[in-house]
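One structure is given below, encoded as structure tokens.
No value in this document is a laboratory result; all are computed from the given coordinates. The structure displayed is predicted, hence computed values, not measured ones. Neighbour counts run over all protein chains shown; Cβ positions are idealised from the backbone, glycine included.
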């Protein structure tokens, strides 16, 4: 048996090309989902959750170019976002903050008839999925 707490997410670090742009879009989204701003340094920012934390960083080791979610690596982050009304409210607000609603022709069931979610992409190509609970 694994020790208690094993397997829980510790942190996610996203490398970005434009720190200020990503801190605005991703940071805004993280805060809407209940994360609070944490540390800030010249090349990065963090947001604290319920034990885990999220990092956006544009350090000297980041290679130029935008994120490509269809290439090997991270495709998207999915978050519980409340009930259906919460998902819709946040998806509408996100579009006012520079996010694009993906799969608009199939929204909110782009993930299937039983999966109510909003799929959003920021200008840097990072995708966030907001999932409604029952």
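If you average the sequence gap of Cα pairs under 8 Å that are 6 or more apart and divide by the length of the range 11-131, what percent do you get for the contact order?
Working: 197 pairs, mean separation 30.1, N = 121.
That works out to 25 percent.
Kirkwood hydrodynamic radius computed over the range 11-131 comes to 14.8 Å, based on all pairs of distinct alpha carbons.
Would you kindly state how much longer the chain becomes between residue 69 and residue 52 on full extension, computed as 0.36 nm times their sequence separation minus their alpha carbon distance, in nm to one decimal? Write out the running numbers ahead of the final one.
Numbers: separation 17, 0.36 × 17 = 6.12 nm, distance 2.27 nm.
Using 0.36 nm per residue and subtracting the Cα-Cα distance, I get 3.9 nm.
Note on residue 10 and residue 83: the model spin-label points, each 7 Å out from Cα along the C-beta direction, lie 3.8 nm apart. For the pair residue 92 and residue 76, the difference between a 0.36 nm per residue extended length and the Cα-Cα distance amounts to 3.9 nm.
GNM on the chain, alpha-carbon springs under 10 angstrom: the most fluctuating residue among 26, 90, 77 is 77.
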